[in-house]
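Just below is one structure, and these are the notes that go with it.
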Amino acid sequence: MKNRLILAAAAALLLTACSPEVYRVYLDVRQPSSSGLNLAGKSMAVAYMDGPTKADSLLSAGSAAVFAEALEKDYFGGEAVIGMYAFPVADSVSLADMHNLVMDSGEDVVFVLKSVIDNPKDGKNNPFPKATHPDSAYVYAPKVPLKVQMYVYDSMGTDEVKSFKGTTNVNAAVFNSGIIPQENLDDMIKERVPGIAAKSMGERISKHFMSDWKTESFAFYWFDDFNADQWLKAIRQVEEGKFTDAIKVWEPIVKGKNQYKAAHACYNMAMAFYLLGDMDLASKWLNEADKMENVTQTASLRRRIINSLQK
């Protein structure tokens, strides 16, 4: 009887030692931008309207370039991957226009930026006391209203063109002789606007399409066994954002003879693929885990995958 009790106690200890531990990793997760668009994992192209005036074209082109650079920094690690295109000036952009732009660029999401420089206002041509030349005896410093409209089409989302618009003012100044007609002064001011406003306008537009971030908890399994260092190494790599490296650590466990541990490694791999944004592979490895064992956290991960696919 005593020997049986000893064997039962030993079996219980062995079972406890082989039970998995849940390790929670807290990571900042990319959320859709304030525009409501989810741009993560999608290729992009940016176009600007060429007109109606040269100054408008220059402002649109300069703002679009700054905007594209901001997208590259946020979504592509700063890699220059977003193509730039000129788009014929128009009052609006149709769905057919966007379909054509997707076909021409080969990208998932396309943007078309239109900016218009309105007539300067609230400006007076005042004498400039510190003038050193007759041609700079006066300074004209009005406010210049700017209108901007961004059209967006996501070929992986709903088949519609989304439109965002806004207005702002920029201060500009030009030195002159004091005898230049008002119309010419306004033209001179408009010519200066692209160089003054393109960077700030591009940055201002980009804020609406940058990712929002939220800290979330993600559960991973590890076993306190002779391979404990291997399990924990993979989790450390997850904490550093090295999801692909972590997957490589779990792969030999998945191929091992211990089906119980293989199932939990499959789940870990599914979570890593989820964090990489690859829902197909995340689902595949989650299904593999379910085939082997009843892994507690699979239901929670499956809901996350479904929610991600519905966005």
Under a point spin-label approximation (7 Å from Cα along Cα-to-Cβ), what is the Ala80-Lys199 distance to one decimal in nm? 1.8 nm
Between Lys143 and Asn287, what FRET efficiency follows from the Cβ-Cβ distance if R0 is 45 Å, with the result rounded to 0.05? 0.15
Please report, in debye to the nearest 20, how large the charge dipole of segment 44-206 is about its Cα centre when each Lys and Arg carries +1 at its beta carbon and each Asp and Glu carries -1 there. 900 debye
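Going by a ≥ b ≥ c, the root eigenvalues of the Cα gyration tensor, does segment 246-311 fall in the rounded group (a/c under 1.5), the prolate group (a/b larger than b/c) or the oblate group? Please list the in-between numbers first.
On the way: a/c = 2.69, a/b = 1.58, b/c = 1.71.
Oblate is the answer for segment 246-311, as a/c is 1.5 or above yet b/c matches or exceeds a/b.
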Rounded to one decimal in nm, the spacing of the 7 Å Cα→Cβ label points at Thr53 and Phe175 is 2.3 nm
Counting only C-alpha contacts under 8 Å and six or more residues apart, can you give the relative contact order of segment 205-264 as a whole percent? 20 percent
Quickly estimate the mean residue ellipticity at 222 nm for the chain, helices only: each DSSP H run with n ≥ 4 gives -39500 (n - 2.57), and the total goes over all residues, rounded to 500. -15000 deg cm²/dmol
Candidates Asp74, Asp159, Asp122: whichever shows maximal mean-square fluctuation once the chain is modelled as a Gaussian network with Cα springs under 10 Å: Asp122
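Would you list the membrane-span-like helices of the chain, meaning whole DSSP H runs whose alpha-carbon atoms span at least 24 Å along their axis and whose mean Kyte-Doolittle value is at least -1.0?
54-75, 182-206, 259-276
Rounded to whole Å and sorted largest first, what semi-axes of the equivalent ellipsoid does the C-alpha gyration tensor of segment 44-206 yield via the square root of 5 times each eigenvalue? Before the final figure, lay out each step's value.
Working: eigenvalues 270, 48, 27 Å².
Computed over segment 44-206, the values are 37, 16, 12 Å.
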Taking 0.36 nm per residue of separation and subtracting the Cα-Cα distance, what length does fully extending Asp245 through Ala228 add? 4.4 nm
Considering amide H positions built from the backbone, and no H for Pro or chain starts, which residues 5 or more places from Leu37, or on another chain, come under 5 Å of its amide H? none
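Quick one, can you get me the convex hull of the C-alpha atoms of the chain expressed as volume per residue in Å³? Intermediate values should be presented prior to the final figure.
On the way: hull volume 53.8 nm³, N = 311.
Hull volume normalised by residue count: 173 Å³.
Which whole-number percentage describes the relative contact order of the chain, with Cα contacts under 8 Å and a sequence gap of 6 or more?
On the way: 519 pairs, mean separation 61.7, N = 311.
The normalised contact order for the chain reaches 20 percent.
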Which length gain, in nm to one decimal place, applies between Lys165 and Trp213 when the Cα-Cα distance is subtracted from 0.36 nm times their residue separation? 14.8 nm
Net charge near His208: determine it from the other residues with C-beta under 14 Å of the C-beta of His208, scoring Lys and Arg +1 and Asp and Glu -1. +1
Test of understanding: what is the full-extension gain from Asp28 to Gln310, defined as 0.36 nm times their sequence separation minus their Cα-Cα distance? 99.5 nm
Give the order of Phe175, Phe226 when sorted by the count of other beta carbons within 10 angstrom, beginning with the fewest. Phe226, Phe175
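Every number in this text was worked out from the coordinates using simple rules, so none of it is lab data. Just so we're clear, the structure is a prediction, and the values are computed from it rather than from any experiment. Glycine gets a Cβ as well: all are built from the backbone with ideal geometry, and neighbour counts include every protein chain shown.
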